[in-house]
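The values are calculated or read from the model by the stated rules, or taken from the named source; none is laboratory data. All values reported here derive from a predicted model rather than from experimental measurement. As a convention, Cβ positions derive from the backbone with ideal geometry for all residues, glycine included, and neighbour counts pool all protein chains shown. The area values use the complete protein model at the heavy-atom level, side chains included, leaving out ligands, DNA and RNA. Shrake-Rupley method; radii C 1.70, N 1.55, O 1.52, S 1.80 Å.
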Amino acid sequence: MSSGARIGLVLGTVVAIVLAFVLLSPGGDDDSKTGSTVPTSTAAPATTSTTPAATGGTPATAEPKPAQPAFTTIRVKSGKPVGGVKTITVTKGDRVRIEVSSPDTSDEIHLHGYDLKRDLEAGGRVRFSFDAGVEGIFEIELESAGTQIGKLVVEP
């Protein structure tokens, strides 16, 4: 095997390993109790590597991860939901991803029924990411102000 072929094989293997690491790394869900103020971006994952597998020379195929639903954003300005109370409808078992942001309002965001809470700071955002395990209609509110900003509807 020539030196150039060896270098190409090593380089291809490194690319395949990096690609596998990126595809298999956790997806950035924010299930933590604290808010995040760091912007996120998404990229479409590659599904096939053209690098030969180490044992047989056939292309290695990576199964694509199921796409996470996008975050549904509720914007709050001057203590009120921009555009009115936002209704978010999902089916029981679905992944729910909600983001609340505000340039000027600080309050606790409370998702009733699931009893999820996040502290929103003015100029920041908070995220909720969970599986909809309970059917019903659940209020999302600015807890201290008592203002409803959203409604989560979980259907059977």
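Among GLY123, LEU111, VAL134, whose Cα sits farthest toward the positive end of the charge dipole of segment 108-156 (+1 at Cβ of Lys/Arg, -1 at Cβ of Asp/Glu, about the Cα centre)?
GLY123
Given a 1.4 angstrom probe, what's the average accessible area per residue across segment 107-153, in square angstrom?
Per residue, segment 107-153 has an accessible area of 42 Å².
Per-residue accessible area for ARG6 at 1.4 Å probe radius, Å² rounded to 10?
140
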